[in-house]
Amino acid sequence: MAGSMYRVENQGNITIVILTLEGFTHEDNDELMKAFDELLAKGSKKMVLDLSETRYVSSLILASLVYMQKKVQDVGGQLIFCSIPERVKEIMSVTNLDKIFNITEDRAQALEAVVKK
Amino acid sequence: MIGVVSGFRLLNSYELLAYDLRFHLKPPQSTAKDIVIIDIDDQTLETLGRWPLPRDFHASLIDVLNEFGAKSIIFDFVFSEPMESDHLFAESIKNAGNIYLPLVFYIEASQKKNYFLLEDHEILADIAESLKSSAHGIGHINTPVDSDGKTRRIPLFTRYHQKLVPQLALKVACDFLGVKASKVEFKGDKVILSNKLALPVSNNNELMVNYPGRWDKSFTRFSYLQILTAYKNSKERKPSSIDLKLLKNKICFVGLTAAGTTDSGPVPLENNYYKVGVHASVLNSIIQNKFIRDVGMTVNTVINLIIFCAALWICFNGTPLKAFLGSLGLGLTYFILSVFLFNNCGIWIDLFFPLLLVVVSYVGSTSFRFLQEIRKRELLEKELEIAQTIQQQFLPKKIQGDDGLLVAAYMQPAKFVAGDLYDVVKISDNKMGFLLGDVAGKGVPASLLMAQTISLFRIFARQETDCKEVLGLLNKELCGKAAGRFVTALYLMVDFESHKAVLSSAGQGPLFVYRKKEDKVVDVELEGNVPLGLMSTINYTNVYLDIEKGDRIILFSDGLSEARNTKGEEFGYDHIKATLLQNAGNSVEKTLESFKQEVSLFVERAEQHDDITVLIIAVEK
């Protein structure tokens, strides 16, 4: 996935993506989506999106998160969000997107949730 | 133009520097073992006397060298004036039968091409008559210099009284190789002697001097004084510092190498090179058949054209990074090739001009791309301006409130075109509808969805008077058509006769209301639902509100609350409430203006990162 905007860790068959998204632009968005598709194509169906290092989300990033959620669901996979900072939680709450995302408090809970399903 | 620069050698001084560079990169070459240099050095002059040395010393030298079997002896200094011991010298020369003496011709400062052959030249320093007839061979030792004062080439022949006089080392070489120079053909790029010896030249007659190495690292040298001393010691059966048997079969160049003499000058390899070494190098080059060939104007021009075309092709095909790397690679490859050809094949091709062409091609192409990008950007900005104008057409041109409601709104895009949207519709005589929304993302893609949303809203707002139903219809239409984007929206309907308002939110909020009675700003609890375009089966909900005369309602996009200053601080909800409260008694237009000013003061010079939309409704009736 695209450059310094993320890191990927693996825990068994679960892919953990830590998003930082500093200085995110339209070009970065296209690159990120393309890279996410590649990750899915390689067979990563159980994914945890760790937002602990994401300080702010714009509407563009929200759209990208919605896109990721939808794509994972389309392939029959699971995507769990975890460790969301307060500010980001507020934005998700205002837009009611917290109603469509699967969110847990921390990574441990997310990993547990992914395994259970 | 390339032909002109190449042909007329307009960058000659730089090409000469590049020529010298290749000499420096060339490993030292072996010299013919037959050639030795006998130095008249400082020690010789200190011991035997001031220059010019008495000629009986030269006579003694000749006798010693010949006694020990020297093949030939070439003097690199003139004997133009008769001297006391000339008779001894002449006798030694005659007895030896292998002595070569030099002439120097008068050369004018400005030299035309082919100068040495075009006209007769006068002798500047001749050989004394008593010595001339005894010499085995005579030749000129003129060493003309290039524009920078360096000796890089020598004329093989000079013309004197319609006859050709060979260069001294050439004369020696012909004798050594058994070639009689009776027939000389000048072919432009070579000189052919008696159909046996072909020498590559430039300018019809000039041989490039192939220096085998630095002065102190090329030819075997003996001191003039040491030879005479060694001979004397050998006769007195004393030990000698040199073995005179080493001189057997040698071609001995005798030259002046004492410090401070004028018989030296700059050459490609160093600044002080003795002229005797120049002649030795010429001889060495001929008998070893190791030459430096100037490929000539035509070949250089063709090479330059090929390099130029290759450089242009590289620069215009590929990304700027590839153009840079490709140009660097081309330049480096050509440099290595030119050095290789010079070192291993003695071929001299232009170096400076081709590299300059590569640089010029890269700079030129980069500038061209840059100007193209500027032009594209200008065109794009023009198109965006048009798009902006078109987008503005979608927004209500004049918000005509009613007697009961006064309305003011503004939208400030972050880029040329916005993703925010708002609209005002008159539903009935006492009812107005207000939509405010935000398409996820910015720029042209968001603006297109914004236009689509407003168009759909205007249709559905006429069909349906229930806020949640209008949002539901919008949602169904936008699902699957929003290209991965979504739209947050809030639809508010105000009935100023019944003093009721109803609203429905699809992820858009919050909503603040100024209550005149309490003189405070309150949050309206929104039963928000997900934005439009995400899930087709969503059922939106209505929120009901009582309103009274004097109340103010503000709808705004997150671009207002999240407007940032240079410190990263956000405008925030409290600031919005405070501004609304401060303007409680003002007109809606003045209130709107106040918001604009507040935001402007707050953000200062920080760049606007999101569209800002504000819609203010005042209940007047």
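Observations on the model:
- In the stretch B:503-521, residue least open to solvent (accessible area, probe 1.4 Å) [restricted to those that are more than 13 Å from chain A (Cβ to nearest Cβ) and touching a Phe, Trp or Tyr at 6+ places or on another chain (Cβ under 7 Å)]: B:LEU503
- Residue that is farthest from the other protein chains (Cβ to nearest Cβ), among those in the stretch B:569-598 that are of a type in the set (A, V, I, L, M) and open to solvent by less than 10 Å² (accessible area, probe 1.4 Å): B:VAL588
- Selection count where residues are open to solvent by 10 Å² or more (accessible area, probe 1.4 Å) and either in contact with a strand residue (DSSP E or B) (Cβ under 7 Å, 6 or more places away or on another chain) or of a type in the set (Ser, Thr, Tyr) (or both), scope the stretch B:150-174: 6
- When the test is whether a residue is outside any strand (DSSP E or B) and in contact (Cβ under 8 Å) with a residue 60 or more places away in the chain, B:HIS121 does not pass it.
- A:LYS70 meets the stated requirement of being assigned to a helix (DSSP H, G or I) and either touching a residue at least 40 places away in the same chain (Cβ under 8 Å) or within 14 Å of chain B (Cβ to nearest Cβ) (or both).
- Selected residue (only one of A:VAL75, A:VAL57, A:VAL88 is open to solvent by 60 Å² or more (accessible area, probe 1.4 Å), farther than 17 Å from B:MET535 by Cα, more than 10 Å from chain B (Cβ to nearest Cβ) and β-branched (Val, Ile, Thr)): A:VAL75
- Residue in the stretch B:440-458 that is open to solvent by less than 30 Å² (accessible area, probe 1.4 Å), away from chain A (no Cβ under 14 Å) and touching a Cys at 6+ places or on another chain (Cβ under 6 Å) present: no
- Of the strands (runs of 3 or more DSSP E) lying entirely inside the stretch B:151-206, those containing at least 1 residues that are free of Cβ contacts under 8 Å to residues at least 60 places away in the same chain and more than 48 Å from the chain's Cα centre (by Cα) are B:157-160, B:163-166.
- Filter pass, B:LYS549 being touching a helix residue (DSSP H, G or I) at 6+ places or on another chain (Cβ under 8 Å) and either free of Cβ contacts under 8 Å to residues at least 40 places away in the same chain or closer than 25 Å to B:SER594 by Cα (or both): no
- Candidate set: the stretch A:91-117, residues that are in a helix (DSSP H, G or I) and within 14 Å of another protein chain (Cβ to nearest Cβ); chosen: the one most open to solvent (accessible area, probe 1.4 Å): A:LYS99
- Scanning the stretch A:3-42 for residues that are at pLDDT below 75 and surrounded by 17 or more Cβ atoms within 10 Å (Cβ to Cβ), we see that the one that is nearest to the other protein chains (Cβ to nearest Cβ) is A:PHE24.
- Restricting attention to the stretch B:14-61, the residues that are closer than 18 Å to B:VAL276 by Cβ and aliphatic (A, V, I, L, M) total 10.
- Residue list for the stretch B:461-502, restricted to those being open to solvent by less than 50 Å² (accessible area, probe 1.4 Å), within 14 Å of chain A (Cβ to nearest Cβ) and either over 60 Å from the mean Cα position of the chain (by Cα) or in contact (Cβ under 8 Å) with a residue 24 or more places away in the chain (or both): B:LEU471, B:ASN475, B:LEU478, B:CYS479, B:ALA482, B:ARG485, B:PHE486, B:VAL487, B:THR488, B:ALA489, B:LEU490
- Single residue of the stretch B:419-439 satisfying the filter (away from chain A (no Cβ under 12 Å) and part of a loop (DSSP other than H, G, I, E, B)) that is surrounded by the fewest Cβ atoms within 10 Å (Cβ to Cβ): B:ASP429
The values are calculated or read from the model by the stated rules, or taken from the named source; none is laboratory data. Computed from a prediction, not measured in an experiment: that's the story for all the values here. Here Cβ is always computed from backbone atoms with ideal geometry, including for glycine, and neighbour counts include all displayed protein chains. Side chains are part of the model used for accessible areas, which takes the heavy atoms of the whole protein and leaves out ligands, DNA and RNA. Shrake-Rupley method; radii C 1.70, N 1.55, O 1.52, S 1.80 Å.
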